[in-house]
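Where a number appears in this text, it was derived from the coordinates with a stated rule and is not lab data. These numbers were taken from a predicted model, which means no experiment stands behind them. Counting neighbours? That spans all protein chains shown, and the Cβs are built from the backbone with ideal geometry, glycine included.
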Amino acid sequence: MSKVIETKKAPGAIGPYSQGIDAGTLVFTSGQLPISMANGELESADIRQATRNSLENCKAILEAADSSLDKVVKTTVFLTDLADFGAMNEVYATFFPGNPPARSCVQVAALPKGAKVEIEVIASK
């Protein structure tokens with residue numbers, strides 16, 4: 001049985017989907033845009049801050065499901081420009097300093113709201 005995860009500490013869904021799903025032993029987040037919860041603004045200029053915002057949003061959803069970033073087993077990173085990979089990777093590494101999860105990173109033509117990055121994660125509980 002799965003349970004919808006909702007938290008005010010991460011951006012609300014902008015369509016017919018949930019912020020996250022608790023599937024018992026695993027938690028799945030929807031892709032998180034780099035929206036700052038401090039001001040509600042989308043970070044569209046600085047890929048480092050955008051990556052930080054996206055991962056902070058993933059973290060908030062995981063915590064709402066009684067999980068955490070140290071329990072992440074898989075991430076998917078969507079970038080609109082792979083030239084941003086190095087800068088994204090620098091920030092990403094600070095969120096996963098120990099045993100980093102498996103990861104896919106792909107370049108996409110566009111992301112919602114003109115974002116440069118979107119990140120989704122799967123974590124254990």
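Give the number of residues within the range 70-92 that are among the aromatic types (F, W, Y) and either without any contact (Cβ under 8 Å) to a residue 40 or more places away in the chain or assigned to a helix (DSSP H, G or I) (or both). Quick ask: steps written out before the conclusion?
First pass over the range 70-92, keeping only residues among the aromatic types (F, W, Y): 78, 85, 92.
This time we only want the ones that are either without any contact (Cβ under 8 Å) to a residue 40 or more places away in the chain or assigned to a helix (DSSP H, G or I) (or both), so: 85, 92.
Count: 2.
Hey, can you tell me all the residues within the range 49-82 that are touching a helix residue (DSSP H, G or I) at 6+ places or on another chain (Cβ under 9 Å) and either surrounded by fewer than 14 Cβ atoms within 10 Å (Cβ to Cβ) or of a type in the set (A, V, I, L, M, F, W, C) (or both)?
A50, L55, C58, L62, L69, V72, V77, L79, D81, listed by residue number.
Just give me the residues in the range 10-45 being surrounded by 14 or more Cβ atoms within 10 Å (Cβ to Cβ) and charged (D, E, K, R), in sequence order. Don't jump to the end; show me each part of the working.
Quick first cut of the range 10-45, residues surrounded by 14 or more Cβ atoms within 10 Å (Cβ to Cβ) only: 10-11, 18-23, 26-37, 42-44.
Within the range 10-45, D22, E43 meet the criteria.
Residues being of a type outside the set (S, T, Y) and either over 19 Å from R48 (Cβ atoms) or exposed (fewer than 13 other Cβ atoms within 10 Å of the Cβ) (or both): count how many of those fall in the range 83-106. Lay out the reasoning, then the answer.
If we filter the range 83-106 for residues that are of a type outside the set (S, T, Y), which is where we start, we get 83-91, 93, 95-103, 105-106.
This time we only want the ones that are either over 19 Å from R48 (Cβ atoms) or exposed (fewer than 13 other Cβ atoms within 10 Å of the Cβ) (or both), so: 83, 86, 90, 93, 97-102, 106.
The number of residues fulfilling the criteria is 11.
List, please: which pairs have Cβ atoms under 7 Å, are six or more places apart or on different chains, and start with a residue in the range 106-125 that is on the phi > 0 side of the Ramachandran plot and end with one that is of a type in the set (S, T, Y) and surrounded by 12 or more Cβ atoms within 10 Å (Cβ to Cβ)?
Taking only residues 6 or more apart or on different chains, the pairs are G114/S44.
Which is over 14 Å from I122 (Cα atoms) and polar (S, T, N, Q), of S30, S44, S67?
The conditions single out S44.
What do you reckon, is I5 surrounded by 18 or more Cβ atoms within 10 Å (Cβ to Cβ), under 16 Å from V121 (Cβ atoms), among the hydrophobic types (A, V, I, L, M, F, W, C) and out of contact with any Lys or Arg (no Cβ under 9 Å at 6 or more places or on another chain)? If you could, list the steps in order and put the result at the bottom.
Working: surrounded by 18 or more Cβ atoms within 10 Å (Cβ to Cβ): yes; under 16 Å from V121 (Cβ atoms): yes; among the hydrophobic types (A, V, I, L, M, F, W, C): yes; out of contact with any Lys or Arg (no Cβ under 9 Å at 6 or more places or on another chain): yes.
Taking the combined requirement at face value, the residue satisfies it.
Quick check on my filter: what residues within the range 1-18 are over 14 Å from the mean Cα position of the chain (by Cα), hydrophobic (A, V, I, L, M, F, W, C) and part of a loop (DSSP other than H, G, I, E, B)?
Once the filter is applied, which keeps residues that are over 14 Å from the mean Cα position of the chain (by Cα), hydrophobic (A, V, I, L, M, F, W, C) and part of a loop (DSSP other than H, G, I, E, B), the range 1-18 yields M1, I14.
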